[in-house]
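**Student:** Following this message is one structure expressed as structure tokens.
The values are calculated or read from the model by the stated rules, or taken from the named source; none is laboratory data. From a predicted model like this one, the values you see are computed outputs, not experimental measurements. Note: ideal-geometry Cβ built from the backbone for every residue, glycine included; neighbour counts use all protein chains shown.
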Amino acid sequence: MIWDKLVDRCLLFTDAPGGLLKELLKEAEQELSDKLMLFESLYRITVPSTDYGLGQSPHDNLREHNYAKLPLNYLQDIGVTHKGTHLRKMTEDEINRNTIGQSYTGTPTAYSISGEYIVFNTAPSAGDDFILHYKSRLTEQTVNKVLTILYYLDGISDYLYLDTPLGDLLDNHKVYFEAQTATLSGGKNNLTTNRISAGLPDTSLSNKSGQIIAGQAPNRLGSRYTVTLDLVGSLSDTYTDAEGSMITVDNYRKHAPLIPEQFHTSLCDYAVAIANAKSAPDIYNTYWTKWTMNMDNLINESADRDLFHSIREEI
């Protein structure tokens, strides 16, 4: 659902300005994403080849060199690896120190999180690489979205089919594919005569187009754009090589949320509540309660899924 439709939905319950509601919806998206920890990221930590490696230059020879800053969008750690070996999670009291209070130098085998820092049980050497796998925040700077290339028709008109319902809203937006940048135009929803039936098992829905009928893409959920992609390079010069691959659309969040669509309507509870916090406390209380209760339910559902996974692992 695009922002404008979500704003219209909010206006059913409040007379707040549309511009304010849109900004509050974006704020709600960040809150929901963080509470449910929807996104994961990888972050490479490389020990610099400075005089002191990790850590700052000491004035009293007592400062540590076994810690590094976490990424700005860090939310919660999942795991850390070094040369393919997983580091275990430790507590601060597991760090061994020498007679002057510094941790020993060597390859770390464990880590902990302390505030904005990741701390290792030993001070690693220059050039050492660590991969931090973590849950990441959705920030105001997060605006791009990754889509799937369902079908690419190379001919007089080069048509690109993507798994998005936004159609012409993405016209003039840049896309990034392999080592190239292109601009979308002529966007339209891929309307078909045959509709998808609810609950009907059908493997025609995939990350690739499947059978081509009369030179046209089969029935799909998505949008078609006019754009020319260069498929010469790492790919062979065959347009079908691009099908099923991923492509990044620049500034997708200008028109729609980045979170999965099943969470979109929940954002209205937050926006309506905050918009009425000062002028209509009763409305605020009603919708803020709905927002918090819904978040609690979604968090519990997520925890239940993780619990089942943990039980399977133990078994």
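**Student:** Quickly run through the range 95-111 and pick out the residues that are exposed (fewer than 13 other Cβ atoms within 10 Å of the Cβ) and at negative phi.
**Tutor:** If the condition is that a residue be exposed (fewer than 13 other Cβ atoms within 10 Å of the Cβ) and at negative phi, then ASN96, ARG97, ASN98, THR99, ILE100, TYR104 are the ones that fit.
**Student:** What number goes with the only condition from (1) part of a helix (DSSP H, G or I); (2) under 18 Å from ALA123 (Cβ atoms) that GLU29 does not pass?
**Tutor:** Answer for GLU29: the failing condition is (2).
**Student:** Scan the range 14-39 residue by residue and report those that are in contact with a Phe, Trp or Tyr (Cβ under 7 Å, 6 or more places away or on another chain) and farther than 22 Å from LEU170 by Cα.
**Tutor:** LEU24, ALA28, GLU31, LEU32, SER33
**Student:** Can you name every residue in the range 31-60 that is farther than 30 Å from THR107 by Cα and either among the aliphatic types (A, V, I, L, M) or crowded, with 17+ Cβ neighbours inside 10 Å (or both)?
**Tutor:** The answer is LEU32, SER33, ASP34, LEU36, MET37, LEU38.
**Student:** Return the residues of the range 74-114 that are in contact with a Phe, Trp or Tyr (Cβ under 8 Å, 6 or more places away or on another chain), of a type in the set (A, V, I, L, M, F, W, C) and not in a strand (DSSP E or B); say none if nothing qualifies.
**Tutor:** Matches in the range 74-114: MET90 only.
**Student:** Find the residue count for the range 80-94, including only residues that are on the phi > 0 side of the Ramachandran plot and either surrounded by 10 or more Cβ atoms within 10 Å (Cβ to Cβ) or of a type in the set (D, E, K, R) (or both).
**Tutor:** Result for the range 80-94: 1.
**Student:** While we're on this one: Return yes or no: is ARG63 more than 30 Å from ALA271 (Cβ to Cβ) and in contact with a strand residue (DSSP E or B) (Cβ under 8 Å, 6 or more places away or on another chain)?
**Tutor:** So ARG63 does not fit the description; no.
**Student:** Still on this structure: Which pairs do you get when a residue that is assigned by TED's automatic domain parsing to the domain that holds GLU116 and over 9 Å from LEU132 (Cβ atoms), found in the range 74-85, comes within reach of a residue that is of a type outside the set (S, T, N, Q) and exposed (fewer than 12 other Cβ atoms within 10 Å of the Cβ), reach meaning Cβ atoms under 6 angstrom, with the pair 6+ apart or on two chains?
**Tutor:** none
**Student:** Here is a follow-up. Right, LEU138: surrounded by 17 or more Cβ atoms within 10 Å (Cβ to Cβ) and under 30 Å from ALA182 (Cα atoms) or not?
**Tutor:** Against the criterion (surrounded by 17 or more Cβ atoms within 10 Å (Cβ to Cβ) and under 30 Å from ALA182 (Cα atoms)), LEU138 qualifies.
**Student:** Exactly one condition in (1) in the same structural domain as TYR287 (by TED's automatic domain parsing); (2) hydrophobic (A, V, I, L, M, F, W, C); (3) more than 25 Å from VAL143 (Cβ to Cβ) is false for PHE120; which is it?
**Tutor:** Failed condition: (1).
**Student:** Same structure again: Looking at the range 134-160 only, could you name the residues that are closer than 25 Å to ASP241 by Cα, under 22 Å from the mean Cα position of the chain (by Cα) and in a strand (DSSP E or B)?
**Tutor:** Scanning the range 134-160 gives LYS145, VAL146, LEU147, THR148, ILE149, LEU150.
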